[in-house]
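In what follows, a structure is listed as structure tokens, so that the remarks can point back to it.
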Amino acid sequence: MPMGASLAMEQATRRYTELEAMQVVDEILATVSYLHTLNPSLIHRDLTLHNIVRAERTGRLYVTNFASAYEGEEELFDVDDLFQGSFGYMAPE
């Protein structure tokens with residue numbers, strides 16, 4: 001399936017309406033919610049506009065780049081796992 005532009009590339013060339021932005025957020029949250037329901041759960045940890053890509057043909061959004069992803073329960077994180085992801089997008093905790 002040919003992938004199109006990342007949301008970062010899209011955002012640089014166009015402005016979303018409020019409805020379009022809400023549709024994007026809804027689709028991303030549905031994907032992330034699904035990943036968290038897996039057993040063991042899959043936590044992405046680097047969700048940025050660069051890691052969300054729109055399929056050229058269907059327009060569907062895909063979460064990509066699972067290099068920092070964590071499989072398992074959040075309580076089991078090691079100290080080395082605390083600082084994963086892209087600076088500026090990481091959770092403030």
* **Condition check for ARG15: out of contact with any Ser or Thr (no Cβ under 6 Å at 6 or more places or on another chain), surrounded by 11 or more Cβ atoms within 10 Å (Cβ to Cβ) and not aliphatic (A, V, I, L, M)** => no
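Condition check ((1) at pLDDT 90 or above; (2) in contact with a strand residue (DSSP E or B) (Cβ under 6 Å, 6 or more places away or on another chain); (3) part of a helix (DSSP H, G or I)) across all residues:
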position: ALA8; (1), (2), (3): yes, no, yes
position: ALA12; (1), (2), (3): yes, no, yes
position: ARG15; (1), (2), (3): yes, no, no
position: MET22; (1), (2), (3): yes, no, yes
position: ALA30; (1), (2), (3): yes, no, yes
position: GLY59; (1), (2), (3): yes, no, no
position: SER68; (1), (2), (3): no, no, no
position: SER86; (1), (2), (3): no, no, no
position: TYR89; (1), (2), (3): no, no, no
* To do: Report the residue count in segment 32-51 for those that are open to solvent by less than 50 Å² (accessible area, probe 1.4 Å) and either in a helix (DSSP H, G or I) or at pLDDT 90 or above (or both).
  => 3
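The values are calculated or read from the model by the stated rules, or taken from the named source; none is laboratory data. Predicted model only: the values in this text are computed from it and were never measured. Heads up, the Cβs are rebuilt from the backbone with ideal geometry, glycines too, and the neighbour counts pull from every protein chain shown. Surface areas here come from the heavy atoms of the whole protein model, side chains and all, with no ligands, DNA or RNA. Shrake-Rupley method; radii C 1.70, N 1.55, O 1.52, S 1.80 Å.
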